[in-house]
Amino acid sequence: MATLFLLNIAMSQFSPLFFEKLAIFQPFLHKKVMLRTSVFVRFEGTVADFIDEMGQTITLIQQAERDNQSDYLEIHTQKLITQFDALQHAVAKMSTAPKAQYQSSYRFPRHVHQLPVRKRLQEYHKALRALNEKILWLSEQSYLCPISEREAYLTQIQETEYRKSKCQLAIDELELQLKT
């Protein structure tokens, strides 16, 4: 059905419209991807490599249209659609891949508030160290990740900073209790 739609679009309009669709791959151009499909010459390469190959298919479509070869036009158009779908599927898998998660080496008791003051103070100091480590880890991740994902890490840093400030307030209160 999509093939018939594309066949009805004038080629002068087709290329610009298709290149607009390719914009979804922009953030992933330099990412390596493996495609297990026969619609591409290669099975592995960067997203940009596969887009280049799709450009070659567009050239074949334009040539078939110029030569008024409707059979070739339909075959190459269907190939282009399949190429686009395969690449889109691979990129979607890449962007939903499990992201690195922070794992703290610290373990905390369940009911910290029921502990004696000195023990609670120790646990809050431990929590403060864990929060500092998490902020450091999140900062590293925000520098290593693509710009499109950076905002999520910055939000997590702000949330962790807030938790850190609450932890510091609790430490200050407990230290004041111990002094009196």
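The values are calculated or read from the model by the stated rules, or taken from the named source; none is laboratory data. Predicted model only: the values in this text are computed from it and were never measured. So basically every Cβ, Gly included, is an ideal-geometry build from the backbone, and we count neighbours across all protein chains shown. For the accessible areas, the whole protein counts, side chains as well, though only heavy atoms, and no ligand, DNA or RNA atoms are used. Shrake-Rupley method; radii C 1.70, N 1.55, O 1.52, S 1.80 Å.
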Would you mind checking the tilt of helix 117-144 against the longest principal axis of the Cα atoms of the chain, expressed as 0 to 90 degrees and rounded to 10?
-> 20
Angle in degrees between helix 70-95 and the longest Cα principal axis of the chain, rounded to the nearest 10 | 10
Using the Cα centre as the reference, give the magnitude of the dipole from point charges on the C-beta atoms of the stretch 71-144 (Lys, Arg: +1; Asp, Glu: -1; all else neutral), rounded to the nearest 20 debye.
-> 1020
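I'd like to check one number: the per residue accessible area of the chain, probe 1.4 Å, reported in Å² as a whole number. Could you put the intermediate results ahead of the total?
Details: 12520 Å² over 180 residues.
Heavy-atom accessible area per residue stands at 70 Å².
For the chain, what is the calculated [θ] at 222 nm in deg cm²/dmol (nearest 500), taking -39500 (n - 2.57) for each run of four or more DSSP H residues and dividing by its residue count?
Values: 6 runs with 125 residues, N = 180.
My calculation for the chain gives -24000 deg cm²/dmol from helical runs alone.
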Largest-first principal axis extents, alpha carbons of the stretch 41-180, Å = 93, 23, 19
On Cα atoms only, tilt of 47-66 relative to the major axis of the chain in degrees = 20
Descending packing, highest mean Cβ count within 10 Å first, for 107-117, 160-170, 44-54 is 44-54, 160-170, 107-117
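Just the number: Rg to Rh for the stretch 75-150, Cα atoms, Kirkwood Rh, two decimals. Don't jump to the answer; show the numbers that get you there.
Values: Rg = 22.6 Å, Rh = 16.6 Å.
Taking Rh as the inverse mean 1/r over Cα pairs, Rg/Rh reads 1.36.
Within the accessible area of the chain, what % is carbon and sulfur when the probe is 1.4 Å and the other protein chains stay in place?
On the way: 6860 of 12520 Å².
Answer for the chain: carbon and sulfur cover 55 percent of the accessible area.
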Just how large is the dipole of the chain about the Cα centre, in debye to the nearest 20, putting +1 at every Lys and Arg Cβ and -1 at every Asp and Glu Cβ?
-> 1440
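Which value, in Å³ per residue, describes the convex hull spanned by the Cα atoms of the stretch 126-172?
Working: hull volume 2.2 nm³, N = 47.
Here the figure is 46 Å³ per residue.
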Could you tell me which of Gln62, His76, Gln26 has its Cα farthest along the dipole of the chain towards the positive end, charges placed at Cβ (Lys, Arg +1; Asp, Glu -1), taken about the Cα centre?
-> Gln26
What ³J(HN,Hα) values, in whole Hz, does the Karplus curve 6.51 cos²θ - 1.76 cosθ + 1.60 give for the stretch 157-163 when θ = phi - 60°, with x put for Gly and Pro?
-> 5, 4, 4, 5, 4, 5, 4
Normalised contact order of the chain, rounded percent, pairs of Cα under 8 Å and 6 or more residues apart = 17
